[in-house]
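Heads up, the thing below is written out as structure tokens.
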Amino acid sequence: MSAISAAERARLEQKFPEVFKTSFLKRHGLIVGLGVTVAYLVFCWFFFNVGPALQNGKWDRASIYVQDWYSWRATPRLRFGEDGTITPQWSSRGQYPVGATIDWLTAHEDGSVTVTFGSEADRLDITTTEVNVFVGGEAWPVAITENAAIAPEGVPAAIQQDGQKVIVDFGFAGQAEIRDNQVYVQRRFFGWANFLFDPKSPLWGHDLFSSIGLMFSGDRVNPEMSNAQFVVNQWLNNQAWQHADILVKLFQTLVMAFVGTLLATLLAFPLAFFAARTITPNRTTNWLMKRFFDFIRSVDMLIWALFFTRGFGPGPIPGIAAIFFTDTGALGKVYAEALENVDDKQREGMKSVGASPASVNRYGVVPQVLPVFVSQSLYFWESNTRSATVIGAVGAGGIGLKLLESMGTNSDWDKVAYMVLLILFVVFLFDNMSTAIRQRLIGGTGH
């Protein structure tokens with residue numbers, strides 16, 4: 001293709017100056033934007049000390065927490081008595097009934113105790129004066145002195161001297177912490193221990209399939225109720241997993257989200273008519289109402305939850321109030337914008353037949369915006385199901401508070417995983433429900 005002449009180029013430049021004389025940002029905007037973004041990320045890296053934070057992160061703890069999501073730890077403390085005895089003490093979430101036979105924890109007649117970690121090659125032979133640590137079948141004697149546990153020289157990497165204690169790592173199978181007065185054992189297994197029934201339950205040891213079979217069995221375990229009732233009762237009252245309490249807290253979260261969104265919808269609906277300039281032709285009223293919406297929605301829901309928790313104490317009432325305040329502002333804004341964009345032909349038609357202002361809005365405006373209003377409220381309800389979990393963590397009740405309590409123990413991460421899965425299931429369920437209702441209202445098919 002031949003190049004155009006200078007005269008032709010001058011003519012084109014004069015006729016289409018915006019094509020030949022583009023601004024600097026139009027020509028190099030993408031490169032400038034990428035450069036500014038990279039510069040900002042570098043600034044954040046140094047300003048927030050991201051490098052040292054990553055370097056000092058306790059990644060070993062993160063690994064343990066992740067493992068707790070799909071496995072459980074039996075955690076006995078083997079305490080040394082002055083008379084040479086070794087007494088196992090279990091945590092409040094004890095995984096075994098009193099007097100149960102435990103295949104990996106064996107007490108011998110001479111007072112010693114053996115703890116195996118998957119096989120005989122990895123085990124601890126424990127006495128009050130010495131702990132023989134077997135790693136891969138090779139024994140390493142750890143001496144128990146008056147003030148410390150002391151590992152021998154040349155031990156493998158699995159055995160670490162940490163001040164006055166010795167830590168032994170057997171990988172996924174668990175670890176042990178040897179001190180001068182006890183051995184703290186963490187023995188890990190796949191699955192969640194006692195998820196169905198706690199050790200004090202008559203049904204302890206039953207798995208899911210045997211429990212279902214028992215529900216349809218004719219011979220009653222408890223004469224006072226059917227087997228189905230008894231199995232459900234024992235599951236709900238599991239003292240280790242607290243299913244009943246968790247489900248009640250989850251229901252509180254759902255009630256908080258529903259009631260808060262409902263109240264916000266009921267208040268935002270009439271107020272939006274005052275904020276919409278096409279409905280209420282009064283600038284002062286429009287301005288005041290829109291500023292009111294801006295104020296209550298500009299304060300984050302979490303801040304409102306903290307505020308109301310101080311006033312009403314912990315529980316679902318502060319959570320409902322926080323959702324109500326925040327959503328009133330947000331819904332009022334979107335409702336007012338929808339009202340300002342309605343088709344005036346229907347309103348004019350109602351006015352032409354002498355209808356009152358109330359009738360004009362009832363029959364000329366509401367039918368146009370109602371599907372949009374309901375759709376927005378359903379979306380906020382779905383979103384608040386998640387938000388209610390977060391505000392619950394600051395004392396507003398619900399499953400969020402229960403989740404925070406379990407995280408605070410640093411030992412109930414399997415229960416944390418259980419609650420997170422419940423929340424995900426509920427959010428997924430409500431998301432599909434609200435989507436189906438919205439599609440029916442607006443006439444969409446959706447995929």
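The values are calculated or read from the model by the stated rules, or taken from the named source; none is laboratory data. Everything numeric in this text was worked out from a predicted model, so none of it was measured. Glycine also receives a Cβ, built like all others from the backbone with ideal geometry; neighbour counts cover every protein chain displayed. Only protein heavy atoms, including side chains, enter the accessible area calculation; ligands, DNA and RNA are left aside. Shrake-Rupley method; radii C 1.70, N 1.55, O 1.52, S 1.80 Å.
Identify the residue in the stretch 101-115 that is in a strand (DSSP E or B) and surrounded by fewer than 20 Cβ atoms within 10 Å (Cβ to Cβ) and, among all such residues, is nearest to the chain's Cα centre (by Cα). Walk me through how you get there before you give the answer.
Filtering the stretch 101-115 for residues in a strand (DSSP E or B) gives 105-107, 113-115.
Adding the requirement that they be surrounded by fewer than 20 Cβ atoms within 10 Å (Cβ to Cβ) leaves 105-107, 114.
Numbers: 105: 35, 106: 39, 107: 41, 114: 39 Å.
Only one residue tops the list, namely 105.
Put simply, of 57, 51 the only residue that is surrounded by 10 or more Cβ atoms within 10 Å (Cβ to Cβ) and at pLDDT 80 or above is 51.
Of the candidates 210, 201, 217, the single residue that is modelled with pLDDT under 85 and more than 30 Å from residue 166 (Cβ to Cβ) is 217. Scanning the stretch 155-168 for residues that are over 12 Å from residue 141 (Cβ atoms) and part of a loop (DSSP other than H, G, I, E, B) yields 156, 157, 158, 163, 164.
Results for (1) modelled with pLDDT of 90 or more; (2) open to solvent by less than 40 Å² (accessible area, probe 1.4 Å), shown as yes or no for each residue.
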| residue | (1), (2) |
| --- | --- |
| 42 | yes, no |
| 73 | no, no |
| 83 | no, no |
| 99 | no, no |
| 126 | yes, yes |
| 130 | yes, no |
| 139 | yes, no |
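Among the residues of the stretch 261-268, is there at least one that is modelled with pLDDT of 90 or more, more than 17 Å from residue 373 (Cβ to Cβ) and in a helix (DSSP H, G or I)? No, the conditions are met nowhere in the stretch 261-268. Give the residues of the stretch 340-373 that are open to solvent by less than 60 Å² (accessible area, probe 1.4 Å), in a helix (DSSP H, G or I) and modelled with pLDDT under 85, sorted by residue number. Across the stretch 340-373, the qualifying residues are 347, 349, 350, 359, 360, 361, 364, 365, 366, 368, 369, 371.
Residues checked against (1) within 29 Å of the chain's Cα centre (by Cα); (2) open to solvent by 70 Å² or more (accessible area, probe 1.4 Å); (3) among the charged types (D, E, K, R):
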{"site": "190", "(1), (2), (3)": "yes, yes, no"}
{"site": "200", "(1), (2), (3)": "no, yes, yes"}
{"site": "210", "(1), (2), (3)": "no, no, no"}
{"site": "227", "(1), (2), (3)": "no, no, no"}
{"site": "234", "(1), (2), (3)": "yes, no, no"}
{"site": "237", "(1), (2), (3)": "yes, yes, no"}
{"site": "244", "(1), (2), (3)": "yes, no, no"}
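Residue 248 falls short of the stated requirement of being surrounded by fewer than 18 Cβ atoms within 10 Å (Cβ to Cβ) and either over 26 Å from residue 419 (Cβ atoms) or at pLDDT below 90 (or both).
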